[in-house]
Structure formats: C-alpha cells, structure tokens
Amino acid sequence: MSKTAIITAKDVDVFYGEKQALNKIALDIPENKVTSLIGPSGCGKSTFLRCINRMNDLVDICRVEGSIQIKDQDIYAPEVDVVALRAKVGMVFQKPNPFPKSIYENVAYGPKIHGLAKSKTDMDELVEWSLQKAGLWKEVKDRLDQPGTGLSGGQQQRLCIARTIAVKPQVVLMDEPCSALDPIATAIIEELIDELRSNFTIVIVTHSMQQAARVSQRTAFFHLGELVESGATKSIFTSPEDERTQNYIMGRIG
Amino acid sequence: MTDLITPSAQLKRRNASESRFQWYGRGAIFVSLAFLVVMVGSIIYKGSGAFTTTDVALVIDLGPEAVDPAAPTDARVEKIVKDALKARFPEATKRAERRMLYGLISNDAGFELERFIAANPAAIGTKAKVWFRASDDFDILMKGSMDREAPESERRLSDLEISWIDSLVADNDVKRGFNWSFFTNGDSREPELAGILSALTGSALTLLVCFCFSFPVAIMAAIYLEEFAPKNRLSDIIEVNINNLAAVPSIVFGLLGLSVLLNTFGMPRSSPLVGGLVLSLMTLPTIIIAARASLRAVPPSIREAALGMGASPVQATFHHVAPLALPGILTGTIVGMAQALGETAPLLMIGMVAFIVDVPHSILEPATALPVQIFLWADAPERAFLEKTSAAIIVLLLFLITMNLLAIVLRRRFEKRF
C-alpha cells in the first residue's frame, strides 16, 4: 500500500488549547483513489481533513504534532509555504461557498493568483476544462458572466469543485460536500467524485455510510479522536475488525 | 381542542399586549418625526428670508466732475453715491438725517459703483441708473418682518427712513431678488453682504483633509486588527482603547491639536489642515469600529474559500473580504464624516473661530467652518443675522443630506449578495 500512498500521516496529535482532538493518527492515503473518513460527530474526521491542507492554521488555539507527508515532503516543516501547499491540496467545503462574483471569475480566480494561464485563451480553456470536469459546463456555458451565487445549491457545489480543480491540485479534500444538498444533487456529485478519481486523489469526510460505500475505495473510521480502523471500503463495511466500527456501521453509535 | 374562533382569555391578553406594543412603537416614531418637522420647519421658516435680498436703484451722475474719463479708477465712488442719495432726497439736511439717509444702502455701495464703472465704461459722462444692495434693516422692512405700527423708539427704522423707503418703492426703484451673494461672498460685518462661501469652502477643505488622513489609516488599522492581528492581551487593550477614544469629548481633541499640532509642530493656526487632522482623530475610532464590524459580518466561508484556493491572507482579504465589507465601511466613513462636519468645539480650540472674510484657497490658509459660522452669526447682534443663522443651518443640513445620499449611492453600487 505504501508504494502508492500519496499522503502519509504518522502520529498526528491535534490539540485545541488543552483539549486533545486527535490522538496518534497514522493513515496512508493512496493516490488516485477516493478515501472516505467516517465516524460520529465530533470524532475528529474533519479536523484530520483540515490538517492535510493546514486549514487548521487559521484557528489560533489549534496545535498539530506528528508528521503528515505528501509525496515524502513534510507539510508541517517550517520551510513549507502554506500557499503552495494549498495549491497542491484543494478543498471543497460543507456549505457551497462560491465567491460573490461571476461564474467565470469564480473558476478563474485560482489560476489567476497562481499564474497558471498565460493568456486570455488559455484561461478560457482552463475555465471550460474545469467546468466540464465538474459536469457544470452544459448548464452554465451561456451565462458565465452571471453571479455564481445565483446557481442552485448543487450547481454551486459543483462550481466550488470546478474552482478547486482549476488549480490542478494533486489532492482534493471534501468536507461533507453533499450534506447541504438534496438527493438528486448528491447523486450528481457522487458520480462526479467517481470520475474525478482518475485525475485527483480525493479524501472525503461524510456522515452518510451509504455515500462512503458508494464513492470510496478506502475508508477510515474515526471515533473519539482516534483512528479505529482503516482499509478497503468493502472489507470495512462487510467484515469490520473492531467492535466499535461494527456498532457504528450497524447504527448503534453515532 | 379549543375554539379557533373565540380566543381564550389568555390569548386575548397576548393579542392586546402585542397591539399595545405596536402602538407604542408608532407613537415613538410619531413623536420623533414631529420633533424633526418642528425643528426643520422652524429653521426653514426663519432661514428662507436670507435667500432673498433687496436692491435699490439710484440715478448716479457720472459726469466729468465726478468721474475723470482719463482715470475712472480714481473717482471718489463713495462720495458719488452719497451725492446721488442727497439728490434723491434733498429734504435731508441735518447731519443726523444725512447719516440715516446714507444708511439706507449697504456700506458696500462704493465698491459696487466701482464695479459698475469698470463693467460699463460707456456710462462715464452720463447719468446712469445703478442698483445697490439695500441695508439689512431696509431689507427686513421689505420682507415685512418689521412692525410699522410699533412706537418709533422701538423700531430699527425711524418714521423718516420709512417714508424714504416708501417713496423709493412708489417710484419702482426697489426690487427683491434671489440672494446670490449669500453663496458667493465670505463673511461680513454687514448682514446684507455676509455669505456662506468661505465657511462652506473651509468645511469642504477640512473634511477633505480629514478624509484623506482618517480613511486610509482607519481602514488599514481595522483590516489589520480584524484579519491579521493575533488575538492576545495587547490586541484586547488596543480594542478597548479604540472604543474609549470614540467616547472622548471632542474638545479634548481640540486641546490636543492646540498643544501638539500648533504649539509643538508649528502648523498654521486656523487652517483646514489642522482642523482636518484634529477632526480625523475624532473620526478614526468611528470608522475603525464600523469597518471592523462590517469585516466581521463577512461570512467566514468566503475567507475559507479563498484561503483553501491557495490565496495568501492578504489576497483573501483584499480580493474577497474587503470588497464585501466595503458598503459597511463606506457607511461608517460617511457617518464619521458627518459627525466631523457638525463638530464645533475642537475647531474653537485651534482658532477656526476667527472672522474670515476671504475664501480660503488652500488647506494652509486661515478658514472657518459651517458650524463655527453658525455659532458666530447666532452670536451677532444685528437682527438680520438671525435669518442668516438659519440659512447657514439649512446649507449645513443640505451638505449632510448630500453626504448621506452619496453613502446610499455608494452602498447600492458595491452591495453584493453572499
């Protein structure tokens, strides 16, 4: 497994002030696969996700120990530039949060600040590619100049995905991307996640075990700040080794 | 289940208290509106007179013995005007009567005649009809604000003066018109000549200095404190002190300006530069507090989105957060500016209370400001300054309304949904 692992977490402890949120997490995340993080509320799965692109740096009282390596580079090394890291590790949030700008500008913003497009035609192509990949192109190609906030919730979330992949990151982190969406929009996004897998490594936090079972190849179960069990999704759902995993999957805790 | 048509006693009480509360609210709004209407109404009623003025026509003899065609600028214009008045009313022979007669028209008449001669060189050597500004008491009589029936000793004009005025009116030599000079003149000791322009310019220059200094400083301080500064004891102390600063009486800032800006740095006294700097000390906390509040109101998801894209904190702030906070920041700025516009006390301390006739052309020249002008005129003994005071208040209110409209327009422009 470790040969294809793009992200390797070792002994990750996270503290919010005095309170320990994650305890000695060790997890390998394989390249070009979908890994889902599941567990009851407050188990630390979102905290772990946000460690991968150092979004936790924004929380003053948050302290991360241990090491997380992406392609053998420790992302918590002092010389690492967070901006460069976040260009490599994009993030889609729980609530769709497009910028209050046009659809085009939403997608073009990342490439613009990272200098990825040399010319206007390059940028147009990149925007189209991203929207195509996010399955949104057909719906918005005639109204790229309209505000992204005017789209429906599911479309907004796909716009956020398009915006994230426009920077061509290696890893896309998704923090419960479907929790604010209806079942149809959710199905579209799930399909999309499956397609994106060929280009990107995806780590998704989800509350829905069905969703984890549908979209992911690997699953990690968190409970009370600990990583209880991780492995192939199929084996986690059919033959969990730990009793807590089994209880959670059966709906007895959570 | 209880009856849906006839409410229970408890529900009746609830409904009654609800409608009672709504009536209290309406009453409060009515009372405050009534105060506003009374205030603005009385100001407009008193001040409207200042926007019209009275002019008197005199036939001026510009013959060779009065104006030398070779050197028209050497003419003794004031004597010519007095001669014309004497010619018009030959019955005034005593010194006291003569003085009353000369008092019918403004002190400025000589300059007016000079301007007339310069503009109409062809009139030299002829008899010309020239309009002169009437004196303030004449003007008040024409506006009907003087009681003709009152005993002579209680009137500002004697029976003789009133009879002259009536004869001028009968001969169609008196006209009323819009008082343009109120907007083109500076202050004057003569109410009929006093204008608002120097105070208006002084206020505009002062506000300009205030804006140029306080806006960038306040915005930078607010953005840094809200977006970048670590939250620790020091930033708490700074925050508390900014809030305290907003509550400091403005005259204290005036004293500070006097001792530091004028005495230590030797900046020019009475200048809009010093006035603007002192006022910006006052507006700084207002803008900082408003800007921080509107920055805080920007949803954190926008910040996360930008940072998650790999935007640096400065990019996230200036590309996404600040534009969304801009309407609130602008509103706070205009509110601060409006406060500064109406502020008098600190300006008194730095000498902007001076009697300024000339319109200031730069921020270094002595100037006065609208509220100070109102204060000065309200203090003046002449009856005619009463309406000037109200008129100046009207101008100040219009200035304020313009600023608020600007704020609304800017807010509409920049407002975005998120």
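The values are calculated or read from the model by the stated rules, or taken from the named source; none is laboratory data. From a predicted model like this one, the values you see are computed outputs, not experimental measurements. Cβ sites come from the backbone with ideal geometry, for glycine too, and all protein chains shown count toward neighbours.
At-a-glance table
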read-out: Cross-chain or 6+ apart pairs with Cβ under 6 Å, the stretch A:17-32 first and in contact (Cβ under 8 Å) with a residue 60 or more places away in the chain and of a type in the set (A, V, I, L, M), then crowded, with 19+ Cβ neighbours inside 10 Å and in a loop (DSSP other than H, G, I, E, B); value: A:Ala21/A:Gly44; A:Ala21/A:Gly225; A:Leu22/A:Gly44; A:Leu22/A:Gly225
read-out: Wholly within the stretch B:294-376, helices (runs of 4 or more DSSP H) carrying at least 2 residues that are in contact (Cβ under 8 Å) with a residue 24 or more places away in the chain and more than 14 Å from chain A (Cβ to nearest Cβ); value: B:322-342, B:345-349
read-out: Flag if B:Ile223 is at pLDDT 90 or above, among the hydrophobic types (A, V, I, L, M, F, W, C) and more than 25 Å from the chain's Cα centre (by Cα); value: yes
read-out: One residue from A:Thr149, A:Thr121, A:Thr164 being within 14 Å of another protein chain (Cβ to nearest Cβ), more than 16 Å from the chain's Cα centre (by Cα) and among the polar types (S, T, N, Q); value: A:Thr149
read-out: Residue selected from the stretch B:99-124 under the condition free of Cβ contacts under 8 Å to residues at least 40 places away in the same chain and charged (D, E, K, R), by the criterion surrounded by the most Cβ atoms within 10 Å (Cβ to Cβ); value: B:Glu112
read-out: Selected residue (only one of B:Ile374, B:Ile401, B:Ile393, B:Ile408 is at pLDDT 90 or above and more than 9 Å from the chain's Cα centre (by Cα)); value: B:Ile401
read-out: Options B:Met267, B:Met220; residue that is closer than 25 Å to B:Asp358 by Cα and without any contact (Cβ under 8 Å) to a residue 12 or more places away in the chain; value: B:Met267
read-out: Members of the stretch B:62-115 found to be more than 36 Å from the chain's Cα centre (by Cα), small (Gly, Ala, Ser) and part of a loop (DSSP other than H, G, I, E, B), listed by number; value: B:Gly63, B:Ala66, B:Ala70, B:Ala71, B:Ala75, B:Ala92
read-out: Exclusive hit being crowded, with 19+ Cβ neighbours inside 10 Å, more than 14 Å from every other protein chain (Cβ to nearest Cβ) and either among the β-branched types (Val, Ile, Thr) or not in a loop (DSSP other than H, G, I, E, B) (or both), set B:Ile238, B:Ile219; value: B:Ile219
read-out: Qualifying strands (runs of 3 or more DSSP E) (wholly inside the stretch A:175-244; at least 3 residues being in contact with a Gly (Cβ under 8 Å, 6 or more places away or on another chain)); value: A:218-223
read-out: Answer residue from the stretch A:73-118, given it is surrounded by fewer than 20 Cβ atoms within 10 Å (Cβ to Cβ) and among the hydroxyl-bearing types (Ser, Thr, Tyr) and is farthest from the other protein chains (Cβ to nearest Cβ) among those; value: A:Tyr76
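Here is a yes/no grid of residues against (1) under 30 Å from A:Leu192 (Cβ atoms); (2) at pLDDT below 90; (3) within 14 Å of chain B (Cβ to nearest Cβ); (4) in a loop (DSSP other than H, G, I, E, B):
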{"residue": "A:Asp28", "(1), (2), (3), (4)": "yes, no, no, no"}
{"residue": "A:Thr35", "(1), (2), (3), (4)": "yes, no, no, no"}
{"residue": "A:Thr47", "(1), (2), (3), (4)": "yes, no, no, no"}
{"residue": "A:Arg50", "(1), (2), (3), (4)": "yes, no, yes, no"}
{"residue": "A:Ser67", "(1), (2), (3), (4)": "no, no, no, no"}
